[in-house]
Amino acid sequence: MTLVAGVDSSTQNCKIVIVDAATGVTVRSGRAAHPAGTEVDPEAWWTALQQAIADAGGLADVAAISVGGQQHGMVVLDHGGRVIRPALLWNDTRSAQAARDLAVEVPDIITRTGSKPVASFTSTKLRWLRDTEPQHAAAVAAVALPHDWLTWRLRGFGPQNPRLDALTTDRSDASGTGYFDPVSGEYDRDLLELAIGNSGTLVPRIVAPGASAGTIASTPEFPTPEGGMVVGAGAGDNAAAALGLGARDGDVVVSIGTSGTVFAVTATPSHDETGAVAGFADASGLFLPLVATLNAARVLDSIAGLLGVTHDELGTLALQAEPGSGGLVLQPYFEGERTPNLPDATATLFGMTLASTTRPDLARAAIEGLLCGLADGMDALRAQGVQARRILLIGGAAQNRAVSAIAAQVFEVPVVVPTPGEYVALGAAAQAAWALQGDRPRWDVPVHAEPAVDTRPVIRQQYSAR
């Protein structure tokens, strides 16, 4: 059996799966937690990755590895390969004004990058750094994304071996920086310089889909198979999930994790002038139009905490209420919002009457509000020409029976729920197998379908009215 490993370095934790390269069946796995917050010292990710590898029994028998990671995070390095300041994560909205400034300064930025800049993007964080911490901006020699930096560290680089020119990335993650053209596959260095204010800033080399970023030689501290371990290109988390799911034309993936995302794999790039859809690249050589929301599973965390129940109990309560929650509507912008672009917004509860203000209605309103925001995202994809034939519902919250059942009532196309799995890590593992063997693997993903119930007009109309 040939084993390959895939890593998911997400906002909250680091997960690794070690799988059979022929079938994608997981042989063993490991995980470790990341610190909370919207800015994090990248060394915490490196420590967590090492802990997750140890938890999975090490890599001495693993032939290849690849890293999927949270997108957009800003990792800035000096000439000595040292991290200059804690990384700003995708969910840090302090660069909202910088995003507005860049959009005004570069009127054709959507044509050039496929996306309108928002506070999540790396370019806006670099502009914020230039404007707010000029001493740090002046010291920047290279800028990387979380998965780029971890891949670099895995390959033996860092302050002890500061080869900045050895940094690598892939087109999927690069397309979320705000200074990369997913159609040409090239960086827009004028936009990068405009953002950071420095000329000559190094950015990671783009590794093609299925190609190798390098190898890891065996050491006593980090044993690998004889001859070393192949390292895949890595990918942004959503692109890696699409690989892990084997998403095909007509599939729209709805992922409910810390953030919510709605995306599809297409052969045609998107340039949405409204800014709702980000025109990203995927990890296979195609494109990944994507809508993201900042408020996803944490909406359920908040309401479950308010009601003093577990997530399962929240779901049980929600299914006791009728579709539409008795007119109760939760607009769930607890942490501002990326889509729509309202970084300073707050959540609002509408339609409170003596009849609707019940525990079941509030529980259901939380789930409906979360899903309606994502359904608006699917409508935005359709406006860009995406054909939706089925929804693949993934993420931790998708395993809640109420979430998947209500999703079938909110979305107007069939909803299927893949068997629970670490699909970002599995996609990274598929990428590792691709780099090792030369062919993209095709692994089966079992799914179950939710019966459709046509109550969409009731739920969507009252949500949209707010």
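The values are calculated or read from the model by the stated rules, or taken from the named source; none is laboratory data. Given the structure is predicted, the values throughout are model-derived calculations rather than measurements. Using ideal geometry, Cβ is built from the backbone for each residue, glycine included, and neighbour counts are taken over all protein chains shown. What goes into the accessible areas is simple: the full protein's heavy atoms, side chains included, and nothing from ligands, DNA or RNA. Shrake-Rupley method; radii C 1.70, N 1.55, O 1.52, S 1.80 Å.
Remarks
- Qualifying residue in region 373-392 (condition: at pLDDT below 95 and touching a Lys or Arg at 6+ places or on another chain (Cβ under 7 Å)): yes
- The listed residues are Asp272, Asp251, Asp282, and the only one of them that is charged (D, E, K, R), surrounded by 24 or more Cβ atoms within 10 Å (Cβ to Cβ) and in contact (Cβ under 8 Å) with a residue 24 or more places away in the chain turns out to be Asp282.
- Leu194 open to solvent by 10 Å² or more (accessible area, probe 1.4 Å) and assigned to a helix (DSSP H, G or I): yes
- Out of Ala347, Ala428, sole residue that is at pLDDT 90 or above, touching a strand residue (DSSP E or B) at 6+ places or on another chain (Cβ under 7 Å), under 25 Å from Trp90 (Cα atoms) and open to solvent by 10 Å² or more (accessible area, probe 1.4 Å): Ala347
- Put simply, of Val458, Val413, Val445 the only residue that is β-branched (Val, Ile, Thr), in contact (Cβ under 8 Å) with a residue 24 or more places away in the chain and under 26 Å from Gln12 (Cβ atoms) is Val445.
- For region 1-114, the strands (runs of 3 or more DSSP E) that sit wholly inside it and include 2 or more residues that are in contact with a strand residue (DSSP E or B) (Cβ under 7 Å, 6 or more places away or on another chain) and under 20 Å from Leu243 (Cα atoms) are 3-9, 13-20, 26-33, 62-69.
- Cβ-Cβ under 7 Å pairs, at least 6 apart or on other chains, region 299-310 side within 15 Å of Thr348 (Cα to Cα), far side open to solvent by less than 70 Å² (accessible area, probe 1.4 Å) and assigned to a loop (DSSP other than H, G, I, E, B): Val299/Pro332
- When each of Ala304, Ala321 is tested for being in a loop (DSSP other than H, G, I, E, B) and surrounded by 19 or more Cβ atoms within 10 Å (Cβ to Cβ), the lone residue that passes is Ala321.
- The set of residues in region 165-188 being in a helix (DSSP H, G or I) and surrounded by fewer than 19 Cβ atoms within 10 Å (Cβ to Cβ) consists of Asp165, Ala166.
Residue-wise test of (1) under 24 Å from the mean Cα position of the chain (by Cα); (2) open to solvent by 60 Å² or more (accessible area, probe 1.4 Å); (3) over 24 Å from Val207 (Cβ atoms).
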position	(1), (2), (3)
Leu3	no, no, no
Val7	yes, no, no
Val19	yes, no, no
Ala32	yes, no, yes
Thr38	yes, no, yes
Asp55	yes, yes, yes
Gly81	no, no, no
